[in-house]
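Student: Take this structure, written in structure tokens, and hold onto it; I'll ask about it next.
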Amino acid sequence: EITIGGRSIRQDPIGCKAQMAYIPDNPDLYEFMTGIKYLNFIADIYNVSSQDRTERIKKYGDLLELTDDLAQPISAYSHGMKQKLAIISAWIHNPKLIIMDEPFVGLDPKSSHILKEMMRDVCDKGGAIFFSTHVLEVAEKLCDKIAIIKNGQLIKSGTMEEVKGDESLEAVFLEMEAEQ
């Protein structure tokens, strides 16, 4: 059973989806829209009030240095700009659960740092973030809990301390690879 914000995904899938966001590794966005139209479209889907969306678009647009480009068509965006737009669209409705696949790909170092702070803020406020990464140092620095999956099978999971002990996460992973 999976619950999100106290709601069962089986009994209330729409209610659960309203509390979730997903960012794929390759953001496929509606390229015929401008950035601002896309964000307003997503805000409409999640019933975000006009005042809240305006505040959040400004806050996250300014943080990720995308505000000045929101009037441009998404088709003119670089991969990094599309990734930033996907991040803002995920945060626009204050989800309890955010699922991200390789969220740092295409981001400049400053934006990566800001995203890490945004992720920590969600978790500190009681939310959860599931993200996949092949950069083990990032996982080691950011995650409270970790799961190592190989070929679709859960190999090891737990708190960072339980999984890695006194070793680096990379050393643990390489040891596990050698044992397989």
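The values are calculated or read from the model by the stated rules, or taken from the named source; none is laboratory data. These numbers were taken from a predicted model, which means no experiment stands behind them. Glycine also receives a Cβ, built like all others from the backbone with ideal geometry; neighbour counts cover every protein chain displayed. Each accessible area value is taken on the protein alone, full model and side chains, heavy atoms only, with ligands, DNA and RNA left out. Shrake-Rupley method; radii C 1.70, N 1.55, O 1.52, S 1.80 Å.
Student: Consider the stretch 129-180. How many of its residues are under 30 Å from GLN19 (Cβ atoms), free of Cβ contacts under 8 Å to residues at least 24 places away in the same chain, out of contact with any helix residue (DSSP H, G or I) (no Cβ under 9 Å at 6 or more places or on another chain) and not charged (D, E, K, R)?
Tutor: 6
Student: Something else: Any residue in the stretch 48-73 that is over 14 Å from TYR38 (Cα atoms) sitting within a Cβ distance under 6 Å of a residue that is among the polar types (S, T, N, Q)? List the pairs, counting only those 6 or more apart or interchain.
Tutor: Cβ pairs passing all conditions: LEU64/SER111.
Student: For the stretch 63-74: of the residues being open to solvent by less than 70 Å² (accessible area, probe 1.4 Å) and over 12 Å from ILE87 (Cα atoms), which is farthest from the chain's Cα centre (by Cα)?
Tutor: PRO73
Residue-wise test of (1) open to solvent by less than 10 Å² (accessible area, probe 1.4 Å); (2) in a helix (DSSP H, G or I); (3) of a type in the set (A, V, I, L, M).
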{"residue": "SER89", "(1), (2), (3)": "no, yes, no"}
{"residue": "MET100", "(1), (2), (3)": "yes, no, yes"}
{"residue": "LEU107", "(1), (2), (3)": "no, no, yes"}
{"residue": "SER112", "(1), (2), (3)": "no, yes, no"}
{"residue": "LYS116", "(1), (2), (3)": "no, yes, no"}
{"residue": "ASP121", "(1), (2), (3)": "no, yes, no"}
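Student: Identify, please: which residue in the stretch 9-33 is aliphatic (A, V, I, L, M) and free of Cβ contacts under 8 Å to residues at least 40 places away in the same chain and is, among those, surrounded by the most Cβ atoms within 10 Å (Cβ to Cβ)? Step through it out loud before you land on a result.
Tutor: Residues of the stretch 9-33 that are aliphatic (A, V, I, L, M), as a first pass: 9, 14, 18, 20-21, 23, 29, 33.
Now narrow it down to the ones that are free of Cβ contacts under 8 Å to residues at least 40 places away in the same chain: 9, 14.
Values: ILE9: 14, ILE14: 7.
That would be ILE9.
Student: Same structure again: Restricting attention to the stretch 7-41, report how many residues are assigned to a loop (DSSP other than H, G, I, E, B) and within 21 Å of the chain's Cα centre (by Cα). Walk me through it before giving the result.
Tutor: Taking the stretch 7-41 as the starting set, the residues that turn out to be assigned to a loop (DSSP other than H, G, I, E, B) are 9-12, 18-19, 24-33.
From what is left, the residues that are within 21 Å of the chain's Cα centre (by Cα) are 9, 18-19, 24-31.
Within the stretch 7-41, residues that are assigned to a loop (DSSP other than H, G, I, E, B) and within 21 Å of the chain's Cα centre (by Cα) number 11.
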